[in-house]
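Below is one structure, written out as structure tokens; comments come after it.
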């Protein structure tokens, strides 16, 4: 066995996305102690930068020391107590995962299910909330990574408020890629991942909790099933707004991954959050122009499409895995397979964070045209390049 | 806010320890996808290297995507079902944590408690096992990070076998630092951390499960409270021995941290595991010679001392925090504070992995002598240097 040297890749799947060189450089700086005064200062900066990208003043805004799924679990394990009623909206894999996690936390689950490729039906959610006044939590996915669909988070949060629920929101794929305003929309608990539109390395999950959610956590009677994710304990290390408070050891923080997160958040701050949203929208438009010029069908309606994750129909008769393998082998290009009900029928093309660039749009369409032609699907890569050029010129 | 440049440090606390430059280099290589064929091959190599450092042929030997505490939770959440009786041995903070985690998993806990600074009392454990034949799990800490004590893991595992229990072992600080033989000793479930004697970045927890443990996990009736740590699901991604099996997405692996883990495991393999144990013992001996020459008292008896974590008494009248701050400010040296009952009375000096070198032994004793003299504790650094030199010459 030898040292691992990863092959060269362009990451245009559902995440991880390409990590910027300066983030990788930050990642590799020498490790220091998790209670070192210099590290505690870094922690405070990370909290403040996370507040910016989440658009919140929530004091409890921290990175969980594990991937997005653990962020999901952090929200449900801390808020839901056995017997609590939870309404879960399901329009893809990650809504389904929310249901599973809420159930394991002891929640009594009702769900509103939508077709794959559709947004959460706000009317159906309102009906469900009307029918059961005991529902305590409304949980939904803002940006469904399995389908590339954006649901109306603002409207769903309004409903939660109206029916006196707390809302729990999955923003794994939305954070820094599309508009997301935690305070303005009244989100109570939200989790994300580092490996999508933040273009950081995978393994960390930013979360944020409203004051109302923090009160509920402080007052909960049933012991959290998880010690590792118990925010009552984690807060002793990360603090809850009081930067002067002494930091008590809970677990050893993933020091280097937090260097990287800090750097990736700085990059968003330097670009500007709204500018980052606009960049995702711009390159998405060009990518769609290229795809449609190749005759490829978008699976999600335009008004609910995620710019950062484009779900497309695999052309009739084309071998899903063989094409993806050829894209990887010939062009070092990773695109995503379909997940769940979309497995075998769809590809997912990510344009996330640092990977959301004109050169990646061009490279992706050119590679796709070349490989599809090899597999017997006739299409014109040159025409697609012109379509892309026109999309950028129109902007 | 600016990019974070960590201060220069020598990490001689209870972990993280200094990460070798080649591990940091590996960490910073470009991120690839968690289902990329090249990454799946890397996963197989990591499993095989972990089998080597754990000295096991257990098929389920993998790195959990979160720190050591999550590894602990992985063991208890997957094995213990509500109502199961668990005997927990407590001789420091981490035994106490085991009790807490086992309780949250639904375990009915009996504990055998020992004084801080003492090893787990094998006789008392046997008595407890005799008294209650329904005890299903015996849990103990091999190397107690809060006290620097090594317990007799082989003898405790023998007891577990004799009384038909499964044993769950905390090897966070022992792995690669002292003798540890999972198969030979008959350990059923074990967890460790990457930031101690592996000298990798913090954030990952290697675990290993015997066939008997895997059967119990496969057969469990009560749904695991944790979705993220549910090995029935995690096995679909990491595989359970069958390297040909298709890997199914569970959560996004912490790709770059796994590059680093692979490299740090390679370093142990290159040095040789027994050679690494011997190196820890050798430098420990020299460190103790230096400390005793300064008149500093070791808090743990020689036969149960961990070479990689040396707990010493803070000299009478010396200000704990002020000395550690001066060591950090003047010498860039981090040593550990006391934890739990030892807080304020003890320091913990780590000699772990890459930080376990002669130059660190020399630097630590020289810095300690200088700062202690500043604080009014008269001691002779030159004499201590001679004592160290003699210890190495005798070896």
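With respect to residue A:312, is the statement that it is more than 14 Å from every other protein chain (Cβ to nearest Cβ) and without any contact (Cβ under 8 Å) to a residue 60 or more places away in the chain true? Give the derivation first.
Working: more than 14 Å from every other protein chain (Cβ to nearest Cβ): yes; without any contact (Cβ under 8 Å) to a residue 60 or more places away in the chain: yes.
Yes, satisfied.
Which numbered condition trips up residue A:322, out of (1) buried (at least 22 other Cβ atoms within 10 Å of the Cβ); (2) over 19 Å from residue A:388 (Cβ atoms)?
(1)
Identify the single condition in (1) in contact with a strand residue (DSSP E or B) (Cβ under 8 Å, 6 or more places away or on another chain); (2) free of Cβ contacts under 8 Å to residues at least 12 places away in the same chain; (3) away from every other protein chain (no Cβ under 14 Å) that residue B:131 does not satisfy, given that it satisfies every other one.
Of (1) in contact with a strand residue (DSSP E or B) (Cβ under 8 Å, 6 or more places away or on another chain); (2) free of Cβ contacts under 8 Å to residues at least 12 places away in the same chain; (3) away from every other protein chain (no Cβ under 14 Å), only one is false for residue B:131: (1).
When you scan segment B:6-16, how many residues do you find that are in contact with a strand residue (DSSP E or B) (Cβ under 9 Å, 6 or more places away or on another chain) and more than 7 Å from chain A (Cβ to nearest Cβ)?
3
Out of (1) surrounded by fewer than 23 Cβ atoms within 10 Å (Cβ to Cβ); (2) in the same structural domain as residue B:375 (by TED's automatic domain parsing); (3) within 26 Å of residue B:67 (Cα to Cα), the odd one out for residue B:303 is which?
(3)
Looking at B:3, B:41, which one is more than 8 Å from chain A (Cβ to nearest Cβ), more than 21 Å from residue A:251 (Cβ to Cβ), free of Cβ contacts under 8 Å to residues at least 40 places away in the same chain and more than 22 Å from the chain's Cα centre (by Cα)? Please lay out each step first, then the result.
Working: B:3 fails: more than 8 Å from chain A (Cβ to nearest Cβ).
Just one listed residue meets the conditions, B:41.
When you check residue B:112 against the structure, is it surrounded by fewer than 23 Cβ atoms within 10 Å (Cβ to Cβ), closer than 29 Å to residue B:284 by Cβ, without any contact (Cβ under 8 Å) to a residue 60 or more places away in the chain and more than 9 Å from chain A (Cβ to nearest Cβ), yes or no?
Yes, satisfied.
Which condition from (1) in the same structural domain as residue B:249 (by TED's automatic domain parsing); (2) under 21 Å from residue B:256 (Cα atoms); (3) surrounded by fewer than 24 Cβ atoms within 10 Å (Cβ to Cβ); (4) out of contact with any strand residue (DSSP E or B) (no Cβ under 7 Å at 6 or more places or on another chain) is the one that residue B:51 breaks?
(4)
Filter segment B:336-354 for residues that are over 18 Å from residue B:143 (Cα atoms) and within 14 Å of chain A (Cβ to nearest Cβ) and give the result.
B:343, B:344, B:354
Based on what the data block shows, is residue A:69 at the interface with chain B (Cβ under 7 Å from one of its Cβ atoms) and not in a loop (DSSP other than H, G, I, E, B)?
Considered against the rule, which asks whether it is at the interface with chain B (Cβ under 7 Å from one of its Cβ atoms) and not in a loop (DSSP other than H, G, I, E, B), residue A:69 comes out as yes.
Please find, within segment B:17-30, the residue that is farthest from the other protein chains (Cβ to nearest Cβ) out of those that are crowded, with 24+ Cβ neighbours inside 10 Å and more than 18 Å from residue B:359 (Cα to Cα).
B:23
Would you mind stating whether residue B:29 is within 23 Å of the chain's Cα centre (by Cα) and at pLDDT 95 or above?
Here the answer is no, as residue B:29 does not meet what is asked.
Go through (1) under 28 Å from residue B:29 (Cβ atoms); (2) outside the structural domain of residue B:151 (by TED's automatic domain parsing) and name the single condition residue B:286 misses.
The failed condition is (1).
Can you report the number of residues in segment A:72-100 which are more than 16 Å from residue A:232 (Cα to Cα) and either surrounded by 24 or more Cβ atoms within 10 Å (Cβ to Cβ) or more than 14 Å from chain B (Cβ to nearest Cβ) (or both)?
Counting residues in segment A:72-100 that are more than 16 Å from residue A:232 (Cα to Cα) and either surrounded by 24 or more Cβ atoms within 10 Å (Cβ to Cβ) or more than 14 Å from chain B (Cβ to nearest Cβ) (or both) gives 14.
Are any of the residues in segment A:215-228 within 23 Å of residue B:230 (Cβ to Cβ), more than 7 Å from chain B (Cβ to nearest Cβ) and buried (at least 23 other Cβ atoms within 10 Å of the Cβ)?
no
Residue by residue, here is whether (1) on the phi < 0 side of the Ramachandran plot; (2) within 17 Å of the chain's Cα centre (by Cα); (3) assigned to a loop (DSSP other than H, G, I, E, B) holds:
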| site | (1), (2), (3) |
| --- | --- |
| B:140 | yes, yes, no |
| B:159 | yes, no, no |
| B:193 | yes, yes, yes |
| B:212 | yes, no, no |
| B:233 | yes, no, no |
| B:236 | yes, no, no |
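Name the one entry in A:42, A:87, A:50, A:24 that is part of a strand (DSSP E or B) and in contact with a helix residue (DSSP H, G or I) (Cβ under 8 Å, 6 or more places away or on another chain). Break it down stepwise before answering.
Values: A:42 fails: part of a strand (DSSP E or B); A:50 fails: part of a strand (DSSP E or B); A:24 fails: part of a strand (DSSP E or B).
Result of the check over A:42, A:87, A:50, A:24: A:87.
In this structure, does residue B:328 turn out to be in a helix (DSSP H, G or I), assigned by TED's automatic domain parsing to the domain that holds residue B:28 and over 19 Å from residue B:380 (Cα atoms)?
The answer is no for residue B:328.
Which is surrounded by fewer than 16 Cβ atoms within 10 Å (Cβ to Cβ) and assigned to a loop (DSSP other than H, G, I, E, B), of B:316, B:270, B:292?
B:316
Tally up the residues in segment B:325-335 that are surrounded by fewer than 22 Cβ atoms within 10 Å (Cβ to Cβ), more than 10 Å from chain A (Cβ to nearest Cβ) and without any contact (Cβ under 8 Å) to a residue 60 or more places away in the chain, please.
Going through segment B:325-335 one residue at a time, the tally reaches 2.
Which of (1) touching a strand residue (DSSP E or B) at 6+ places or on another chain (Cβ under 9 Å); (2) under 21 Å from residue A:304 (Cβ atoms); (3) touching a residue at least 40 places away in the same chain (Cβ under 8 Å); (4) crowded, with 24+ Cβ neighbours inside 10 Å is the odd one out, the single condition residue A:208 does not satisfy?
(2)
The values are calculated or read from the model by the stated rules, or taken from the named source; none is laboratory data. Since we're looking at a predicted model, the values are computed, not measured. Counting neighbours? That spans all protein chains shown, and the Cβs are built from the backbone with ideal geometry, glycine included.
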